[in-house]
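Q: Quick one: this structure, given as structure tokens, is what I'll be asking you about.
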Amino acid sequence: MFEPLYTADEMRAAEQGHDVEALMERAGRAVADAILRRYPHARRIGAVCGEGANGGDGRIALRALAESGRETSEQLEGEPDVVIDALFGTGFHGEPRQDAAGLVERINGAGVPVVAVDVPSGVNASTGEVPGAAVRADVTVTMHGRKVGLVVAPGRFHAGEVEVADIGLERAETDHRLVTDAILRLVPRRSEGDTKYTAGSVLIVGGSPGMTGAVCLAAEAAFRADAGYVAVAVPEASLPVIETLLVEAVKAPRERVDELAKRASAFAVGPGLGRGDEERALARRLLTDLELPAVVDADALFELEAADWPAPRVLTPHSGELGRLLGEESSWVDAHRLDAVRRAVDRYRCVVLLKGPGTLVAAPGEGVLVCDAGTAALATAGTGDVLTGVIAAFLSKGMDARLAAAAGAVAHGRAAELAPHQVGLVASDVIDSLPLALA
């Protein structure tokens, strides 16, 4: 269900008590094996090796490649067929010095496949931050287990395809973990004795005029995520449009929201809500008063204030929304995703899901979960509303809020992967594939 993600400190702890030279020998040969397997026609292998253990791994890889009949050099002169990046290891942090940055640029400019040893040089293995020049690898051969920086952006954009090499260490518990598809087995399925209410009853609040599509997408996604009953509360003026777009859901004006909440086992607020004073006051009241687990998304995140909420809350911002909540630019969030989601958890004392490549799910007192499912096709309008509906459905079935958020991200990503096309994907395509993702 979860795969360990190691920080530099956790890797050092895992290596304690082991023969360092034996570990390096296995690591270097793993890199050589990966190159021989992936690039069998490569004859000339160049490498940039640092002074530490990572550089030692690279030199052992060169030796093993030479034993296999390849021409090897600890230089980038000539025209190598493959370049090994063994400049920095997992302990690197900060920005490369000028001379090292020049070597990084030479690696990136070689115009041939780059294989990084453990982590691309310049990427912080413990956070994924890239404060300066960093290698863009085609393949990263990482030792023992994935590093946090290989799956958390922006580091993940530098890693290429990640191959984990067994070097003889025992699996260890880590603070941060990668979520696998197995988490979907935790989603409760309908049983023979269920009614539409006990199968999961969701209330969605939003849908202001001009933004009715958002609440409709969330409602349809909740149904496709196996909720038994969905109701939407929207402004009176939006009801005629909602009536034509939604068939299965109960539709009612916002004045009846408290009545609808009595039948709900979870609610979502925000999709198409609007940002006026009245809408913000409504969101604040519902989050403060309703003793139901809730997803807080989109407009409900605007100027959201921390409070002593009576039930679990899952905030689902993208980097721009989280930046506004933290008083930072979205570019800062993109560069410091792990730090940003932790700061949000500290401030709001609830589950926070930071959308984007390598979705992050954080909760008070827990390590961060990374959800790697999905494709670039999800970068289209409305998919965030779909995710809101899925998580709301899982909450309505009684799932723990942190696990519901992580499972929702995985189901959402898997549905995108299973969609019949990637070019031109729209949010409703993701909804259509949700039953396949949950099957």
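Q: Mind listing just one residue for me: the one in the stretch 250-266 that is out of contact with any helix residue (DSSP H, G or I) (no Cβ under 6 Å at 6 or more places or on another chain) and in contact (Cβ under 8 Å) with a residue 24 or more places away in the chain and, of those, farthest from residue 401 (Cα to Cα)?
A: 254
Q: Need pairs with beta-carbon distance below 8 Å; first residue without any contact (Cβ under 8 Å) to a residue 60 or more places away in the chain and at negative phi and within the stretch 57-73, second of a type in the set (S, T, N, Q) and assigned to a strand (DSSP E or B); sequence gap 6+ or separate chains.
A: 62/72; 62/73; 63/72; 65/72; 66/72
Q: Out of 110, 133, report the one residue that is assigned to a loop (DSSP other than H, G, I, E, B), without any contact (Cβ under 8 Å) to a residue 40 or more places away in the chain, open to solvent by 10 Å² or more (accessible area, probe 1.4 Å) and not hydroxyl-bearing (Ser, Thr, Tyr).
A: Unique residue meeting the criteria: 133.
Here's the yes/no breakdown for (1) at pLDDT 95 or above; (2) out of contact with any Ser or Thr (no Cβ under 6 Å at 6 or more places or on another chain); (3) farther than 18 Å from residue 429 by Cβ; (4) crowded, with 19+ Cβ neighbours inside 10 Å:
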{"site": "195", "(1), (2), (3), (4)": "yes, yes, yes, no"}
{"site": "203", "(1), (2), (3), (4)": "yes, yes, yes, yes"}
{"site": "223", "(1), (2), (3), (4)": "yes, yes, no, yes"}
{"site": "226", "(1), (2), (3), (4)": "yes, yes, yes, yes"}
{"site": "229", "(1), (2), (3), (4)": "yes, no, yes, yes"}
{"site": "239", "(1), (2), (3), (4)": "yes, yes, yes, no"}
{"site": "244", "(1), (2), (3), (4)": "yes, yes, yes, no"}
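Q: Something else now. Looking at this structure, is residue 21 among the acidic types (Asp, Glu) and under 26 Å from residue 102 (Cα atoms)?
A: no
Q: Inspect the stretch 420-437 for any residue being within 15 Å of the chain's Cα centre (by Cα) and buried (at least 22 other Cβ atoms within 10 Å of the Cβ) and give the result as yes or no.
A: Scanning the stretch 420-437, I find no residue that is within 15 Å of the chain's Cα centre (by Cα) and buried (at least 22 other Cβ atoms within 10 Å of the Cβ), so the answer is no.
Q: Restricting attention to the stretch 71-89, and to residues there that are open to solvent by less than 40 Å² (accessible area, probe 1.4 Å) and in contact with a Lys or Arg (Cβ under 6 Å, 6 or more places away or on another chain), which single residue is farthest from residue 111 (Cα to Cα)?
A: 76
Q: If I ask for residues that are buried (at least 19 other Cβ atoms within 10 Å of the Cβ) and either in contact with a His (Cβ under 8 Å, 6 or more places away or on another chain) or in a helix (DSSP H, G or I) (or both), which ones from the stretch 246-260 would you list?
A: 254, 257, 260
Q: List pairs: first residue in the stretch 330-342 and in a loop (DSSP other than H, G, I, E, B), second residue not aromatic (Phe, Trp, Tyr) anywhere in the structure, Cβ distance under 7 angstrom, at least six positions apart or on different chains.
A: Going by the 7 Å Cβ cut-off, the qualifying pairs are 336/129.
Q: With (1) surrounded by fewer than 22 Cβ atoms within 10 Å (Cβ to Cβ); (2) closer than 17 Å to residue 401 by Cβ as the list, and residue 339 as the residue in question, which single condition is left unmet?
A: Here residue 339 meets the rest and fails (2).
Q: Quick check, is residue 61 part of a helix (DSSP H, G or I) and either open to solvent by 10 Å² or more (accessible area, probe 1.4 Å) or touching a His at 6+ places or on another chain (Cβ under 8 Å) (or both)?
A: The answer is no for residue 61.
Q: Of everything in the stretch 182-193, what is more than 13 Å from residue 1 (Cα to Cα), surrounded by fewer than 14 Cβ atoms within 10 Å (Cβ to Cβ) and of a type in the set (Lys, Arg)? Give them in sequence order.
A: 189, the sole residue that qualifies.
Q: Separate question: From the list 384, 358, 374, 367, which one is touching a Lys or Arg at 6+ places or on another chain (Cβ under 7 Å), at positive phi and among the small types (Gly, Ala, Ser)?
A: The unique qualifying residue is 358.
Q: In the list 128, 91, which residue meets the criterion of being in a loop (DSSP other than H, G, I, E, B), touching a Gly at 6+ places or on another chain (Cβ under 9 Å) and modelled with pLDDT under 95?
A: Working: 128 fails: modelled with pLDDT under 95.
It is 91.
Q: Right, next: Would you please list the contacts, defined by Cβ atoms under 8 Å and residues six or more apart or on different chains, that run from a residue in the stretch 181-196 that is over 14 Å from residue 409 (Cα atoms) to a residue that is among the basic types (Lys, Arg)?
A: Short answer, once both residue conditions are applied: 188/397.
The values are calculated or read from the model by the stated rules, or taken from the named source; none is laboratory data. Values in this document were obtained by computation on a predicted structure and should not be read as measured data. Quick reminder, even Gly has a Cβ in these numbers, built from the backbone with ideal geometry, and neighbours come from all protein chains shown. Side chains included, ligands, DNA and RNA excluded: accessible areas come from the protein's heavy atoms. Shrake-Rupley method; radii C 1.70, N 1.55, O 1.52, S 1.80 Å.
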